[in-house]
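Peer 1: The structure under discussion is supplied below as structure tokens; questions concerning it will follow.
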């Protein structure tokens, strides 16, 4: 691709010291009027207003998407809790499960329900649940990237993904409480009903509550609307127009996408195995009562929530993603190694390893997703790229449903060993991706010079191939 791109607008002159430019530097900066609006953000009065705007924006967007994903993930992960209450038992048993007659589901059939939902008629319900959940997860990260700067994405993605940890902890508490319901209706049916209805109600509410995009929204006016538009173009400028086929194909042919997927795919496998099998694994550690096993799934998720925020904030503060992911994955590998090889008698030690492993796997989620969104240059490439990133990465989620067959109980050594290998893969690919992106940034610095500080880059045509676009590593 020819990177000596020159936009049709005239040479940029607003507050740029042309004498300091590299001799080979192309003019891929945004138009002067865009630069002027963006520079307003540096005005002291605007800076104060911008902080207020961000607080209001956070209040409008973050609680709603947190609640949406909380109930979505609660509904997705409750299948593991439902199993402890007889969901996979025979239909003619006291649990009125989904197995044929008095027979429980085979390990293979149970693994299929983790991908879908129910065996026979309800299998279709789980299938549709997965389809719409996949679209929601992809769309939210893209949506956040419209409103927030690249260095603000880690914490905001945390508030989107953090509820997955809370849902895991709360799901265990809810399952514990629901397990005490005295009813002729099987407990697992109450579990699905109570945890499923709130998501439907919130989905309807968000149609009115959530604003569209910075340049077209009903929630801001006056100075706040000016700030929204100025922030929208302050890092990169993308001319609104028809979607071009070449921009749709850009991520498909971009090696950086597949390297980013390589970071996410093994993490998705570990996450899937946790949400589907954690109650079972905890039970087989020695907590044999269903209510006790569900209750003991709470601490790992609580640890995960705290660690997720710490690493999301740190990755934003230092504008660095790769080393954060690699560090977390390394600790995860050690925890899974201990789970695989500690003797069965070491109950407390193995439970501590579960807390560490779950916390580190979940904490990888925010910086890795923010990393992907950070490095797709323009809107079309980001929308298509995030879709491909999620779709390919979620192949790991499918694989994760096979890591812990009941035949490997109670130690599940094979599953822990597989997760250890996946953690090593995540750490390795995160480091490779980070060093590769640093090499690209260094090459562009040498060839075109470093970008002017605080100047918006025109990514309309070349997206992240624009000479002055720099990747977050």
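Peer 1: Can you tell me which residue among 164, 102 is part of a helix (DSSP H, G or I) and at pLDDT below 85?
Peer 2: When all the criteria are applied, what remains is 164.
Peer 1: Has region 163-179 got at least one residue that is in contact with a helix residue (DSSP H, G or I) (Cβ under 6 Å, 6 or more places away or on another chain), crowded, with 19+ Cβ neighbours inside 10 Å, farther than 20 Å from residue 74 by Cβ and in contact (Cβ under 8 Å) with a residue 60 or more places away in the chain?
Peer 2: no
Peer 1: If you take the residues in region 218-236 that are assigned to a loop (DSSP other than H, G, I, E, B) and in contact with a helix residue (DSSP H, G or I) (Cβ under 7 Å, 6 or more places away or on another chain), which one is nearest to residue 466 (Cα to Cα)?
Peer 2: 235
Peer 1: Turning to a different aspect of this structure: Within the set of pairs 6+ apart or on separate chains, which have a first residue in region 278-301 that is free of Cβ contacts under 8 Å to residues at least 40 places away in the same chain, a second that is outside any helix (DSSP H, G or I), and C-beta atoms under 7 Å apart?
Peer 2: If the second residue must be outside any helix (DSSP H, G or I), the pairs left are 287/296.
Peer 1: Being touching a helix residue (DSSP H, G or I) at 6+ places or on another chain (Cβ under 6 Å), buried (at least 17 other Cβ atoms within 10 Å of the Cβ), in contact (Cβ under 8 Å) with a residue 60 or more places away in the chain and within 24 Å of residue 326 (Cβ to Cβ), is that true of even one residue in region 435-448? Reasoning before the result, please.
Peer 2: Filtering region 435-448 down to residues touching a helix residue (DSSP H, G or I) at 6+ places or on another chain (Cβ under 6 Å) leaves none.
No: zero hits.
Peer 1: Also, quick follow-up: Which condition number in (1) part of a helix (DSSP H, G or I); (2) over 22 Å from residue 141 (Cβ atoms); (3) touching a residue at least 40 places away in the same chain (Cβ under 8 Å) is the one that residue 239 fails?
Peer 2: (1)
Peer 1: Scan region 1-37 for residues that are closer than 27 Å to residue 254 by Cβ, within 32 Å of the chain's Cα centre (by Cα) and at pLDDT 80 or above and report the count.
Peer 2: 3
Peer 1: Taking only region 360-377 into account, find how many residues are under 20 Å from residue 436 (Cα atoms) and part of a helix (DSSP H, G or I).
Peer 2: The number of residues fulfilling the criteria is 9.
Peer 1: Mind listing whichever residues of region 405-420 are under 27 Å from the mean Cα position of the chain (by Cα) and over 13 Å from residue 357 (Cβ atoms)?
Peer 2: Result: 405, 414.
Peer 1: Could you tell me whether any residue of region 321-335 is crowded, with 21+ Cβ neighbours inside 10 Å, farther than 18 Å from residue 267 by Cβ and under 27 Å from the mean Cα position of the chain (by Cα)?
Peer 2: No - not one qualifying residue is present in region 321-335.
Peer 1: Taking region 257-301 as the search range and keeping residues that are out of contact with any helix residue (DSSP H, G or I) (no Cβ under 7 Å at 6 or more places or on another chain) and either assigned to a loop (DSSP other than H, G, I, E, B) or within 19 Å of residue 138 (Cα to Cα) (or both), which one is modelled with the highest pLDDT?
Peer 2: Checked region 257-301; the qualifying residue modelled with the highest pLDDT is 258.
Residue-by-condition table, conditions (1) within 20 Å of residue 381 (Cβ to Cβ); (2) within 25 Å of the chain's Cα centre (by Cα):
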position	(1), (2)
224	no, no
246	yes, no
251	yes, yes
255	yes, yes
276	no, yes
295	no, no
300	no, yes
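Peer 1: Look through region 180-217, keep the residues that are part of a loop (DSSP other than H, G, I, E, B) and under 26 Å from the mean Cα position of the chain (by Cα), and return whichever of them is nearest to residue 79 (Cα to Cα).
Peer 2: Once the filter is applied, the top-ranked residue is 210.
Peer 1: Go through (1) in contact with a strand residue (DSSP E or B) (Cβ under 9 Å, 6 or more places away or on another chain); (2) farther than 28 Å from residue 150 by Cα one by one and return the number of the condition residue 377 breaks.
Peer 2: Residue 377 satisfies all of (1) in contact with a strand residue (DSSP E or B) (Cβ under 9 Å, 6 or more places away or on another chain); (2) farther than 28 Å from residue 150 by Cα except (2).
Peer 1: In the set 359, 372, which member is surrounded by 24 or more Cβ atoms within 10 Å (Cβ to Cβ), more than 20 Å from residue 279 (Cβ to Cβ) and within 18 Å of the chain's Cα centre (by Cα)?
Peer 2: 372
Peer 1: Next question, about the same structure. Run residue 430 past the list (1) surrounded by fewer than 16 Cβ atoms within 10 Å (Cβ to Cβ); (2) within 19 Å of the chain's Cα centre (by Cα); (3) closer than 20 Å to residue 256 by Cα and report the number of the one that doesn't hold.
Peer 2: (1)
The values are calculated or read from the model by the stated rules, or taken from the named source; none is laboratory data. The structure displayed is predicted, hence computed values, not measured ones. Positions of Cβ are backbone-derived with ideal geometry, glycine not excepted, and every protein chain shown enters the neighbour counts.
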